[in-house]
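Following: one structure in structure tokens, then a few remarks.
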Amino acid sequence: MKVLLTGAAGYIGSHTAQRLLDSGHEVYFIDNLSTSDKRNLSKLNISGDFMDINDVEKVQELLHTHRFDAVMHFAAFISVGESVQNPMKYFYNNTAKSISLIQSAVEAKVPCFVFSSTAAVYGMPKEIPIPEEAKVQPMNPYGLSKSMVEQVLLEASKYSDMETIIFRYFNAAGADTTHGLGELHDPETHLIPLTLQHLLGKRDSISIFGTDYPTPDGTCIRDYIHVLDLADAHILGMEYALREKKSNIFNLGNGQGFSVREVIQTAEKVTGKKANVIEAPRREGDPPILVASSEKAKRELGWVPQRNSLEHIIKSQWDFMQKL
Ligand code: UFG
């Protein structure tokens, strides 16, 4: 298949690009490098353009020239905390620009559109693990910016020949040490890389945002899923949409929750170093617990996450960061 990736310089985009190449697919990228690091891109043997996804003229020309089998749309801002501080930044970048890209894809008759959505669309779910049928009720602008795109995509695929696969990621983590890829955000806001930066001596401490949540140890619980397992799901999702001519929504997670304290303790164990932990106030917009039911992806796509252990996930990111 010939696949266009937006945000291929980013974390999940770069890992998926490599997996696509390994599986014999042809990959082309567009990226505006607004939050990603060229270092990941330089490890990938792919061509593409540095442009915005809402540069309509250029995007349409690209889509008409290449006749892609699928677009995988990763490019987005991803920080829950920042979205609370600056919601319009998220509605413009994540929602408005995505709608422009979707319009271009429909117009160019792209048969399959794979969208990176998020567990943040569920807000504070009643049922844990969360099934896809759970109410979509985001509690921060980041989640809302993504759920609006989900709705537009589902409508777009109803009224066109484009099938849509929506993946609601839980907490992507880990690295592809074989290819020297890993998590490299700028600025970094995610718990695992921040903890490891601290344990590498690049930060003085690691803060726990909130110790009074209604969870066993008072800190938030998340479902950490290896980025290569996420990448594999994208290939299965694309093949499913093109084969079955069906659109669908899938959660992608491990089904196992770990608290912030447990993550820090596991990082200490993996690295053999002691963390300087600061108990800080809650970060606005954080739901207490997000754990996935990924039974649907397993059943319908045949997806089997291979790298479930939190230790393995953290170790791979540690190995990547040490080599940087
Ligand atoms: N946290 C800390 N200290 C830090 C950083 C994070 O305590 O320095 C806490 C957060 O408050 C949260 C947990 O660690 O409770 C995980 O936070 P991350 O920032 O690593 O990830 P989020 O859960 O906020 O968000 C990530 C993705 C979203 C996705 C979500 C789904 O960035 O896109 O996972 O679970 F929606």
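The values are calculated or read from the model by the stated rules, or taken from the named source; none is laboratory data. Small disclaimer: the values here were computed from a predicted structure and weren't measured. Counting neighbours? That spans all protein chains shown, and the Cβs are built from the backbone with ideal geometry, glycine included. We work out accessible area using only protein heavy atoms, side chains counted, and drop any ligands, DNA or RNA first. Shrake-Rupley method; radii C 1.70, N 1.55, O 1.52, S 1.80 Å.
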Scan segment 188-205 and report the pairs whose first residue is in contact (Cβ under 8 Å) with a residue 40 or more places away in the chain and whose second residue is of a type in the set (Val, Ile, Thr) and more than 11 Å from the ligand (Cβ to nearest atom), with Cβ atoms within less than 8 Å and a gap of 6+ or a chain change. 192/313; 192/314; 196/271; 196/314; 199/271
Run down 277, 304, 270 and say which single residue is crowded, with 20+ Cβ neighbours inside 10 Å and outside the structural domain of residue 111 (by TED's automatic domain parsing). 270
Can you confirm whether segment 54-73 contains a residue that is within 19 Å of the chain's Cα centre (by Cα) and open to solvent by 50 Å² or more (accessible area, probe 1.4 Å)? no
Can you tell me how many residues within segment 255-294 are in a loop (DSSP other than H, G, I, E, B) and closer than 20 Å to residue 124 by Cβ? 14
Any residue that is at positive phi and open to solvent by 20 Å² or more (accessible area, probe 1.4 Å) - is there at least one of those in segment 24-34? yes
Considering segment 1-23 alone, what residues qualify as being open to solvent by less than 10 Å² (accessible area, probe 1.4 Å) and of a type in the set (S, T, N, Q)? 6, 14, 16
Got a sec? Which of 241, 297 is in the same structural domain as residue 155 (by TED's automatic domain parsing), in contact with a strand residue (DSSP E or B) (Cβ under 7 Å, 6 or more places away or on another chain), aliphatic (A, V, I, L, M) and crowded, with 19+ Cβ neighbours inside 10 Å? 241
Touching a Cys at 6+ places or on another chain (Cβ under 9 Å), within 16 Å of the ligand (Cβ to nearest atom) and touching a residue at least 24 places away in the same chain (Cβ under 8 Å) - does that describe any residue in segment 290-311? yes
Quick check: anything in segment 89-109 assigned by TED's automatic domain parsing to the domain that holds residue 35, touching a helix residue (DSSP H, G or I) at 6+ places or on another chain (Cβ under 7 Å) and outside any helix (DSSP H, G or I)? yes
Does residue 126 satisfy being of a type in the set (Lys, Arg), more than 15 Å from the chain's Cα centre (by Cα), modelled with pLDDT of 95 or more and open to solvent by 20 Å² or more (accessible area, probe 1.4 Å)? no
Would you be able to say whether some residue in segment 256-263 is away from the ligand (no atom under 16 Å from the Cβ), open to solvent by 20 Å² or more (accessible area, probe 1.4 Å) and without any contact (Cβ under 8 Å) to a residue 60 or more places away in the chain? no
Yes or no: segment 46-69 includes at least one residue that is at pLDDT 95 or above and in contact with a Pro (Cβ under 7 Å, 6 or more places away or on another chain). yes
I'd like to check which strands (runs of 3 or more DSSP E) are fully inside segment 110-216 and have at least 3 residues that are out of contact with any Asp or Glu (no Cβ under 9 Å at 6 or more places or on another chain). 112-118, 163-169
What are the residues in segment 199-238 that are within 16 Å of the ligand (Cβ to nearest atom), of a type in the set (A, V, I, L, M) and open to solvent by 20 Å² or more (accessible area, probe 1.4 Å), if any? 200, 221
